[in-house]
Amino acid sequence: MDGRTDRLIAGAVAGVAVLCLVSERMAARLLPEDGPVETLSALLYLAAAVIALAGTGGRRWLRRGVAGLALLCFLSEISFGARLFGYAMPAMPGGGELDGGQDLAMLLWRQARPWLSAHKAAVLAAAVLGAGLAGLLLWRLWPLLRAVARPLADRPAERRAVIAVALLALAVLIDLDIRPYLVLRRLEEVLELAAAGFLLAAVLAHGWQPAFRFRRPAVARGLRRP
């Protein structure tokens, strides 16, 4: 059942992604600011945050981590209420407003881009060397990584939280506006929608129980049917 839930989320989001990639008209309808995809993402993030905060059971650190991440993503999706309540967020150097967590990465990228352009040869050499070292490290640590990742197969809550974080990281990379890959910007909102779905599924799979339970009055409990 857990694997079926993951496949259902992935399949639904993949369908939306294909529609947005092959049809500019569908992308224009689904992906604008405060459009259907962004609104649905915000609602899913909010639901995940509320359920995680209001529930008990499972591992507290995971519930709190998911709640904090989901709440930050919800606020980012609605631009911290700037458009809803008509106030302006702080302006960023280079254009735009600081109205989302991903904008911090954008600020770092804008600061680093001039230096990277001025030192292309050094950056390329460092990238090649880094890729080689990463490959060697991955080869040496592969058995350990497999041993660490194997328990995720039996822990759907942790697995879905990891997937959500990876999707959000990919969405942030796309949001950096790297010119050769502008077509991928259509996937940014779709990736955030997928992350919202996996965060909500992670909370629901985490042995969640409501912190407050409604109990029948003592008189009602004492009644017996004839």
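The values are calculated or read from the model by the stated rules, or taken from the named source; none is laboratory data. Please read these numbers as outputs of a predicted model, since none were measured by experiment. No Cβ is skipped: glycine too gets one built from the backbone with ideal geometry, and neighbour counts run over all protein chains shown. The area values use the complete protein model at the heavy-atom level, side chains included, leaving out ligands, DNA and RNA. Shrake-Rupley method; radii C 1.70, N 1.55, O 1.52, S 1.80 Å.
In nm, to one decimal, how far is the M26 label point from the A105 one, both placed 7 Å along Cα→Cβ?
2.5 nm
On average, how much accessible surface per residue is there in segment 25-97, in Å², for a 1.4 Å probe, leaving out ligands, DNA and RNA?
56 Å²
How far, in nm, would the chain grow between A54 and R4 when pulled straight, counting 0.36 nm per residue and subtracting the alpha carbon separation?
Here the segment from A54 to R4 would lengthen by 15.4 nm.
Multiply the residue separation of T39 and A147 by 0.36 nm, subtract the distance between their alpha-carbon atoms, and state the gained length in nm to one decimal.
35.0 nm
Per residue, how big is the convex hull of segment 1-93 when only Cα atoms are used? Give it in Å³.
145 Å³
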